[in-house]
Each structure stands twice: as structure tokens, then as C-alpha cells.
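The values are calculated or read from the model by the stated rules, or taken from the named source; none is laboratory data. Since we're looking at a predicted model, the values are computed, not measured. Positions of Cβ are generated from backbone atoms using ideal geometry, with glycine treated the same way; all protein chains shown enter the neighbour counts. These area figures cover heavy atoms from the full protein model, side chains too; ligands, DNA and RNA do not enter into them. Shrake-Rupley method; radii C 1.70, N 1.55, O 1.52, S 1.80 Å.
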Amino acid sequence: MRALAFAVMLAGGVVSAQAVSSEPGGGVIEAPAETTKVLGPMRADARFTVDTDILLAYVNLGVNADLGIVKLGPGVLAVGAGLDVGFCGTVCLLIGGLLNGSYGARNFFPQARLSYHLELPAKSGNALQKVDVYGVVFAGLVVSSMGFAGQYQGVMVSATSTGVGPGVGLGAGGSYFFTERVFVGAEASLKYAAGRYNDVVTVTPPNSNVDFRWRDEYSGWSISGLSVRLFLGFRI
């Protein structure tokens with residue numbers, strides 16, 4: 001009797017194990033992957049970004065998106081595009097006051113992006129399962145413009161300058177998904193973007209003898225340097 005009971009228990013255990021580990025057709029059911037929330041192939045992340053400081057000296061707003069292309073090694077390679085729009089804040093107000101007029105500066109930076117989203121191990125229930133980390137390189141053309149208007153030697157003078165130059169950079173970022181699709185994060189980047197202005201000056205009245213010229217320190221532009229942008233995003 002004991003031998004019969006043992007045989008029944010053994011058979012039941014084998015059936016239970018097969019129910020857990022097998023699919024119809026004999027395939028093995030794999031345990032759910034325990035990794036970070038990496039951007040997968042043919043999925044996209046869209047972001048709205050902001051970069052400034054507590055004094056609002058310079059404000060940079062942007063949009064960008066990355067599209068996963070192919071799994072490559074321990075991560076996914078993605079391509080993307082973005083547009084940054086920057087403008088001078090409190091610093092330009094100060095410069096305008098010192099020049100006894102109004103002063104403004106703006107930059108437009110359309111760019112192509114190439115990013116690599118790293119897939120890392122993360123135990124079930126760990127906060128890392130809600131994180132996507134990546135490295136990125138980007139490049140494009142920057143259009144920079146500035147303008148001044150005010151009294152100069154008793155005559156109204158307005159001047160505008162526009163310049164175009166290359167912009168390249170690299171960086172790293174991370175996203176935290178607080179819902180299945182919506183995330184927040186930050187991206188730090190080091191970029192080079194600089195060029196020269198083409199000056200246009202208008203003097204009123206036009207027959208005045210005023211010879212207004214930009215000083216050398218205002219004849220070039222640069223938005224090079226290290227920056228950290230915060231973003232809100234959505235996975236598609």
C-alpha cells in the first residue's frame with residue numbers, strides 16, 4: 001500500500017512540474033526577464049526638455065525622440081532627431097540696461113541623434129526595473145541670432161546679427177518610468193557649437209554720421225559647454 005501511495009505522489013509531482021515548465025508542443029516556458037526598462041526595437045521615446053539655471057540667465061527648451069532599431073550586444077541601438085530652442089533671459093536684460101537699449105539672443109539647433117540603450121539585470125520588484133539608461137551622440141547645424149536697439153550718440157540705432165555653425169556633442173541620460181509609458185529623467189551632455197555673426201545695422205535717420213559697429217566680443221557666438229537638461233517623456 002505504501003509503495004502504491006508513493007507511486008501516486010511521484011506521478012502527481014511529475015505532472016505538476018510539466019504543467020509549470022512546459023507549453024503545448026513540448027516547449028519550455030521561460031521565466032519573465034528581469035531587466036531594466038530598456039527601449040526595445042521599433043519602440044520610441046519622445047521627450048520634452050528644459051535646461052536653465054536658478055537665475056534664468058539662459059533658457060533652453062527642446063523636443064527629441066529616439067526610435068529603437070536593433071538589439072546589439074547588451075542593449076539596443078536607436079536613431080532619433082531633436083530640436084533645441086534657446087534664448088537669453090536675465091543676462092540679456094542686464095546687457096540691454098548697460099547699453100541703454102534692448103538686447104536679445106536666440107539659438108535654434110536641429111540635430112540628429114544616435115543612442116545606445118543599455119539593458120541591465122534587475123530583480124523583480126527592484127526600482128531598477130523602471131529605469132532606462134543610455135548614451136547618446138548628436139550633431140546638427142545651429143542658427144544663432146541677436147539684436148540690439150537703442151540710442152547711440154543721440155541717434156536711434158538697431159542692429160541684428162545672424163550666424164550659422166556646426167553643433168556636435170555627446171552625453172548620457174536616464175529615464176524613470178512612474179507609469180507603464182510615462183517617464184521623467186535627465187540628460188547630461190558636453191557639446192561644441194560656435195560661429196561668427198553676419199552683422200546688419202540700421203541707423204535712423206539714414207543720413208546721420210553715426211558709425212555704429214559691433215565690438216569684437218559681440219561678433220561671435222558660442223553655446224559650447226556642459227549642460228544638464230530635465231525632461232518629461234512618453235514611450236510609444
Would you check which residues across the stretch 146-185 are aromatic (Phe, Trp, Tyr) and modelled with pLDDT of 95 or more and list them?
-> Tyr176, Phe177, Phe183
Per the list (1) over 27 Å from Leu226 (Cβ atoms); (2) touching a residue at least 24 places away in the same chain (Cβ under 8 Å), residue check on Gly154 breaks on (2)
Unique residue being open to solvent by 70 Å² or more (accessible area, probe 1.4 Å) and under 13 Å from the mean Cα position of the chain (by Cα) when the list is Leu141, Leu170 | Leu170
Taking the stretch 72-92 as the search range and keeping residues that are closer than 18 Å to Val142 by Cβ and surrounded by fewer than 17 Cβ atoms within 10 Å (Cβ to Cβ), which one is modelled with the lowest pLDDT?
-> Phe87
Answer yes if at least one residue in the stretch 56-71 is loosely packed, with under 15 Cβ neighbours inside 10 Å, assigned to a loop (DSSP other than H, G, I, E, B) and at pLDDT below 95, and no otherwise.
-> yes
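Okay, residues lined up against (1) open to solvent by 80 Å² or more (accessible area, probe 1.4 Å); (2) at pLDDT 95 or above:
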{"position": "Leu190", "(1), (2)": "yes, yes"}
{"position": "Ala193", "(1), (2)": "no, yes"}
{"position": "Arg196", "(1), (2)": "yes, no"}
{"position": "Thr202", "(1), (2)": "no, no"}
{"position": "Asp211", "(1), (2)": "yes, no"}
Would you point out which residue out of Ala188, Ala127 is closer than 29 Å to Leu226 by Cβ and in contact with a strand residue (DSSP E or B) (Cβ under 7 Å, 6 or more places away or on another chain)?
-> Ala188
Over the stretch 85-108, the set of residues out of contact with any Lys or Arg (no Cβ under 9 Å at 6 or more places or on another chain) and touching a residue at least 40 places away in the same chain (Cβ under 8 Å) is Gly96, Leu99, Asn100, Gly101, Ser102, Tyr103, Gly104, Ala105, Arg106, Asn107
Give the residue that is least open to solvent (accessible area, probe 1.4 Å), with candidates limited to residues of the stretch 112-128 that are more than 22 Å from Gly62 (Cα to Cα) and charged (D, E, K, R).
-> Glu119
Please indicate, with yes or no, whether at least one residue in the stretch 129-138 is surrounded by fewer than 17 Cβ atoms within 10 Å (Cβ to Cβ), touching a residue at least 12 places away in the same chain (Cβ under 8 Å) and not in a strand (DSSP E or B).
-> yes
Restricting attention to the stretch 85-128, report how many residues are among the hydrophobic types (A, V, I, L, M, F, W, C), in a strand (DSSP E or B) and closer than 20 Å to Val182 by Cα.
-> 1
Could you tell me which numbered condition Arg47 fails, if it satisfies all but one of (1) among the charged types (D, E, K, R); (2) open to solvent by 40 Å² or more (accessible area, probe 1.4 Å); (3) at pLDDT 85 or above?
-> (2)
